[in-house]
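Peer 1: First the structure, then my questions, so here it is.
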Amino acid sequence: MTATQASALTSAANGVLPSSPSGLNDSDPSTFIAVRYDKTHVIFRLGGEGDFILEDPEQEKTFHQLPPQIAEYGLAPPSELDPAVFEKVKQHYAVANVGDHWELEVAPGVRAPVVIQKPIEMSWECANNYFTAGFIAEVAPEFQAAFKSAPQKYFLVHKVPPAAGSPSFLNPTHIAELKDWNPTSEVRAQIEALITAKLKEEISQQYAKQWTHMENLQSPEVKADYDAWKQFAEKTAAGEGKLTYESQAFQLSPDAIPRVLVRAQWSIEIEKDRGVLMSFWLRLEPTVSIDGEHQPGTRTMWAKPGSGGEEDMNVSELTMVLNVFDRPDGYGDVLIFTPGYEGYSMNVYRYTDKGWADTAISIADGC
């Protein structure tokens, strides 16, 4: 046993997941989003290659339903396949085998070994006879007590990377959620002024593109809706409106400058509340500014009450960060959840010295 392995086991015995250098490669097609299944297991879907349709729909009756995962977001409840059925679809599970040792990215600087335990299937796309392949993996026994106490529920899982070949691999992590971040009153005022300006710009641009040309609508209901939005835009331009927002701050790069995800709503009371919802990223230095033109995973929505569906919303319907992870280059990956009407998406985005970039790591479902 190496000194590093002995140190890791000592940490685990003390109920703490050990720190370790990152081996995360977010361009590896065998890296997947995993969610906490129970206190000692995670569950993950294999992506598009794992989607399949049974030749005989009656075979679904042989599935053994398993308990649902404890994580709130993502993935339908799993089922265990009958061995005979598994033989017919096993090509969709080829990326892993029962007993394989993989690695779980728990948090920045924190990883845990897991063992592939069981192939499972989940229903997919709200359609009969559509399924997707996945696995349940178990945290190695010596790390289970520490994993039970870890607060995270959303992870990345991948094959164990090769050993590091460079001392730079051992650089300490700079990536973290800044849970105690508390900006000065001056910085907070700058943030709120920028959020307000961005929301007003969105409302003004939408008004110029659409509502100014809608004076002759024939449908009374549609015209009433447009008239309400027109009044909303005009009152906003006249200085009325209320800003509410939430924020999460993160360190995602070696420069240690916080990047802040804002989830904001602009509302005006017109008979019933209407609002514009936006999520976007801010950079705090040298001055508060929008963090780049390309901001994947963020969204803009127009909310009105009474629909009982996609338009009846608040900031909880905007994107949220579920976890962040460190890479060997000193930058971070961000796992973002976006709710939708009868669906959702989870995507991993990479932060780089040039700003935000997409990765291929994602799952989504919806009717």
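Bear in mind that the values in this text are calculations on the coordinates, not laboratory data. These numbers come from a predicted model, not from an experiment. When we count neighbours, we look across all protein chains shown, and the Cβ atoms used for this are built from the backbone with ideal geometry, even at glycine.
Peer 1: Where does the Debye-calculated log10 I(q)/I(0) of the chain sit at q = 0.09 Å⁻¹, using only Cα point scatterers of equal weight, no solvent?
Peer 2: So the normalised log intensities are -0.62.
Peer 1: Here's a follow-up. Pick out, in residue order, every one of the GluC sites (Glu not before Pro) in the range 59-102 that is DSSP loop and has at most 14 other C-beta atoms within 10 Å; say none if there are none.
Peer 2: Sparse-neighbourhood loop GluC sites (Glu not before Pro): GLU72.
Peer 1: Now a separate question. Pull up the cross-link candidates among the lysines for LYS242, meaning alpha carbon to alpha carbon under 16 Å and not fewer than 8 places away within one chain.
Peer 2: List returned: LYS198, LYS200, LYS272, LYS304.
Peer 1: What is the sum of charges around VAL115, taking Lys and Arg as +1, Asp and Glu as -1, for the other residues whose C-beta is under 13 Å from the C-beta of VAL115?
Peer 2: With Lys, Arg at +1 and Asp, Glu at -1, the neighbours total -2.
Peer 1: Calculated from DSSP H runs of 4 or more alone, at -39500 (n - 2.57) each and per residue, what is the 222 nm mean residue ellipticity of the chain, nearest 500?
Peer 2: Result for the chain: -6000 deg cm²/dmol, rounded to the nearest 500.
Peer 1: Can you give me the long-range amide H partners of ASP100? Hydrogens built in the peptide plane at 1.01 Å from N, cutoff under 5 Å, separation of 5 or more residues or another chain.
Peer 2: The answer is ILE116.
Peer 1: Here's something else I'd like to know. Nearest 10 degrees, 0 to 90: what angle lies between the long axis of helix 3-13 and the longest principal axis of the chain (Cα atoms)?
Peer 2: 70
Peer 1: Using a simple spin-label model with points 7 Å from Cα along the Cα→Cβ vector, what separation in nm is obtained for ASP255 and ASP51?
Peer 2: With each label point 7 Å from Cα toward Cβ, the separation is 3.8 nm.
Peer 1: Between HIS41, HIS174, HIS64, where does the largest GNM mean-square fluctuation fall for the chain, given springs only between Cα atoms within less than 10 Å?
Peer 2: Highest fluctuation among the options: HIS64.
Peer 1: Give me ILE257, ILE175, ILE268 ranked fewest to most by other Cβ atoms within 10 Å of their Cβ, as a rough exposure proxy. Don't jump to the answer; show the numbers that get you there.
Peer 2: Details: ILE257 13, ILE175 23, ILE268 19.
Going from sparsest to densest Cβ surroundings: ILE257, ILE268, ILE175.
Peer 1: Another question about this same structure. Counting only residues 5 or more places away or on other chains, whose amide H sits under 5 Å from the amide H of LEU66 once H atoms are built in the peptide plane?
Peer 2: Those qualifying (amide H under 5 Å, at least 5 residues apart or on another chain) are SER79, GLU80.
Peer 1: Could you list ILE290, ILE33 so that the one with the fewest beta carbons within 10 Å of its beta carbon is first and the one with the most is last?
Peer 2: Ascending Cβ contact count within 10 Å gives the list ILE290, ILE33.
Peer 1: Pull up all non-local amide H partners of ASP291: gap of 5 or more, or a different chain, and H-to-H distance under 5 Å with H placed in the peptide plane.
Peer 2: Under 5 Å from the amide H of ASP291: TRP281, LEU282, ARG283.
Peer 1: Ordered by residue, what ³J(HN,Hα) values in Hz, to whole numbers, does the range 145-161 give under the Karplus form 6.51 cos²θ - 1.76 cosθ + 1.60, where θ = phi - 60° and Gly and Pro are x?
Peer 2: So the J values, rounded to whole Hz, are 4, 5, 5, 4, 8, 6, x, 5, 10, 10, 9, 10, 10, 7, 5, 4, x.
Peer 1: In addition: Quick check on the exposure proxy: order PHE337, PHE232 from fewest to most C-beta atoms within 10 angstrom.
Peer 2: By the 10 Å Cβ count, ascending, the order reads PHE337, PHE232.
Peer 1: Please turn the phi angles of the range 219-226 into ³J(HN,Hα) values with the Karplus equation 6.51 cos²θ - 1.76 cosθ + 1.60 (θ = phi - 60°), one per residue in order, whole Hz, x for glycine and proline.
Peer 2: Karplus-based 3J(HN,Hα) across the range 219-226 equals 6, x, 5, 5, 4, 4, 5, 5 Hz.
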